[in-house]
Amino acid sequence: MTTTEPNIEVEIPLDPNAITMSINGKSVAARKGELIIAAADRSGDYIPRFCYHPRMSSVGMCRQCLVEVEGPRGPMMVVSCMTSVGEGQIVRTETEQVKRAQEGIVELLLANHPLDCPVCDKGGECPLQDQAFSHGPGESRFIEEKRHYEKPIPISDLVLLDRERCILCDRCTRFADEVAGDALIQFTSRGNNTQIQTFPDEPFSSYFSGNTVQICPVGALTAQPYRFKARPWDLAKIESTCTTCSVGCRITLESSRDEMLRYQGVDSDPVNHGWLCDKGRFNFESIKSNQRIENPMVRSDGDLVATSWSVALSSAASLIAQAIKDGGPQSVAILGGARGTNEDAYAWARLAQSLGISNVDAQFDDGLPTSLFGYAQATIDEAAHATTVLLLSPDLKEELPILYVRLRDASEKKRSKLIEFVPKQTGLTRYAWKSASYEPGRQVSVIQQTLTDPAVAAQIAQGSVVVVVGRANLAENDSFTMAALDAVLAIAP
Amino acid sequence: MSRVVDGKGTAADLEQLIEVGTSICPGDFPHASNEKLGLAAVPFPYKMNTICFVGPSAYAPVNSALVLFREEFEARIVKRHTIPVTAVGAAL
Ligand code: SF4
Ligand code: FES
């Protein structure tokens with residue numbers, strides 16, 4: 001037998017971080033530094049948890065995720081959300097001891113929980129409820145009076161806190177501190193009296209407060225607009241994109257009986273990591289606003305009169321036809337908006353084309369010229385992983401809140417250095433490596449000065465640079481912003 | 001515990017104390033040896049399930065009292081003049 005093809009052994013380089021471990025007897029491939037709970041999730045061995053959240057640091061507060069790990073002194077109980085995997089590690093999540101520990105924790109958590117599920121908004125999608133069924137003892141032996149608090153207390157205009165239901169998992173406070181960067185809620189007191197509290201005279205007025213409602217594993221935090229409106233199993237859910245700003249977070253629209261009731265964030269890796277800003281999360285209330293135009297209207301004798309679509313469309317068509325007949329297509333113009341979908345834009349552009357109308361215009365939301373499309377564009381993920389981010393933009397915390405969350409995270413985790421050029425302090429100023437303020441209209445000289453500074457130049461030379469451009473002030477002429485961009489690109493191409 | 005000491009406890013309460021203790025510290029809890037009870041010493045350290053060391057320490061006196069002086073508690077349960085609190089609740 002002749003072999004014409006040489007037998008080449010392709011050597012696949014071994015990932016130095018790859019390890020193999022065993023979970024419940026199954027062999028599982030994991031990466032160094034990964035947590036046991038995450039590895040078990042992938043292998044399909046669900047470990048109950050309350051405080052662990054993959055997008056936040058682990059604290060090991062609730063102890064629900066206890067598992068047994070084979071150690072030098074026999075099997076040890078460890079919290080799987082705080083312990084990282086190891087080569088050859090043997091993990092068991094279903095032994096008698098694990099079951100006893102998990103049941104014990106559920107029983108203790110429920111000892112002071114009011115069990116008011118029938119009137120609780122979370123009932124039906126509540127991790128405590130679900131896990132009390134799946135990993136709980138089924139009954140309680142505590143016959144004492146439960147702890148009582150005033151229920152619920154408003155901690156901001158949007159969020160209400162029911163301290164009786166709270167299981168002190170630290171998710172909401174960790175979110176406020178780590179992710180949103182405004183630690184306006186914290187634990188106070190100790191032991192049995194531990195409770196979530198705001199500062200005495202400062203409400204939890206965070207731009208991101210709605211997320212705490214979504215991640216609370218019990219019904220302790222509820223959002224004013226959704227309270228007592230529906231039960232989770234009645235909600236029709238559709239995944240979509242938030243249209244409030246250009247970040248475009250993934251959301252689910254949840255409605256019941258033809259009424260929009262809430263938006264929930266969806267964990268989308270490249271965009272919002274599950275977070276939403278309150279502007280986006282709660283703006284569905286405008287759908288019900290009585291100022292909305294619900295019917296087509298036609299102006300007759302100076303007054304708007306509601307009519308049907310067929311009447312409105314035919315009168316628009318005849319008006320346009322008349323205008324084209326009288327003055328030719330160049331006498332008609334179409335202005336498109338920046339907020340429509342691509343399909344909308346395509347449709348009206350087609351309409352213009354078919355009528356021979358060439359006077360069409362549309363612009364970015366903040367009026368920058370469309371020539372911006374000519375530059376290489378970065379995704380949100382690229383921006384949040386760039387070595388240096390230059391901000392020539394308005395206050396991101398106000399305008400693009402989730403981009404602010406991502407960039408803040410990048411700077412807090414020391415992935416990126418932020419350099420901002422701003423006319424006034426912004427939400428990101430605290431996290432910026434360099435913040436250069438300029439007098440409106442003078443940005444070019446400030447930029448040139450800052451970017452030629454040797455330390456800044458060295459930083460820029462280190463790796464990828466992303467520039468976030470926007471008009472810092474709508475009253476300012478867009479040519480300044482473009483000039484600033486040119487100045488940046490001249491120095492840091 | 002105060003239920004038992006007040007003479008209103010039941011045998012289940014003692015079990016419950018031990019069981020809650022086991023949720024805090026899995027496995028055998030360390031205690032001294034005792035010839036009278038025929039107990040061998042369980043050496044330190046205890047294993048713990050809690051995030052905080054106060055949990056096991058708070059359980060330590062409860063455990064040694066329950067293990068080493070069990071009859072005292074049982075006496076409070078068997079030879080009492082009051083009715084168990086659960087029954088009081090039911091009677092009202
Ligand atoms: S309010 Fe909810 S999220 Fe916050 S600590 Fe309590 S249970 Fe956890
Ligand atoms: S999920 Fe691990 S301790 Fe709460």
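The values are calculated or read from the model by the stated rules, or taken from the named source; none is laboratory data. From a predicted model like this one, the values you see are computed outputs, not experimental measurements. Note that we place each Cβ from the backbone using ideal geometry, even for glycine, and neighbour counts take in every protein chain shown. Note: areas computed on protein heavy atoms with side chains; ligands, DNA, RNA excluded. Shrake-Rupley method; radii C 1.70, N 1.55, O 1.52, S 1.80 Å.
Some notes on this structure:
- Heavy-atom accessible surface of A:K424, to the nearest 10 Å², is about 120 Å², with a 1.4 Å probe and all protein chains retained.
- Distance from the stretch A:391-464 to the stretch A:64-124 (C-alpha centre basis), Å: 44 Å
- What the phi angles of the stretch A:60-72 give under the Karplus curve with 6.51, -1.76 and 1.60, with θ = phi - 60°, is a coupling list of x, 7, 8, 6, 6, 8, 4, 9, 9, 10, 5, x, x Hz, glycine and proline written as x.
- Occluded residues from the stretch A:52-78, i.e. those whose accessible area drops by 30 Å² or more once the chain is not alone (1.4 Å probe): A:R63, A:R73, A:M77
- Once backbone amide H atoms are built at 1.01 Å from N, A:V360 has A:I334 as its partners under 5 Å, excluding neighbours fewer than 5 places away on the same chain.
- Approximate spin-label separation A:D201-A:K99, in nm, with each point projected 7 Å along Cα-to-Cβ: 5.7 nm
- Listed residue pairs exceeding 31 Å between alpha carbons, taken from A:K26/A:K414; A:K288/A:K413; A:K279/A:K434: A:K26/A:K414; A:K288/A:K413
- Residue-averaged [θ]222 nm for chain A, counting only DSSP H segments that reach four residues, each worth -39500 (n - 2.57): -8000 deg cm²/dmol
- Placed amide H near A:K417: partners under 5 Å, 5+ positions off or other chain: A:T388, A:V389
- Extension gain for the segment A:S140 to A:F187, taken as residue separation times 0.36 nm less the Cα-Cα distance, is 14.2 nm to one decimal.
- Accessible surface for A:I447 stands near 0 Å², nearest 10, in the context of the full protein assembly shown (1.4 Å probe).
- Longest segment of chain A lacking chymotrypsin sites (Phe, Trp or Tyr not before Pro) that sit in a DSSP loop with at most 11 other Cβ atoms within 10 Å: A:1-227
- Evaluated at q = 0.05, 0.06, 0.11, 0.12 Å⁻¹: base-10 log I(q)/I(0), Debye formula over Cα of chain A: -0.29, -0.41, -1.11, -1.22
- Linear extension gain, A:L368 paired with A:Q425, 0.36 nm per residue minus alpha-carbon span: 18.3 nm
- For GluC sites (Glu not before Pro), the sites in the stretch A:243-347 that DSSP calls loop and that have at most 13 other Cβ atoms within 10 Å are A:E294.
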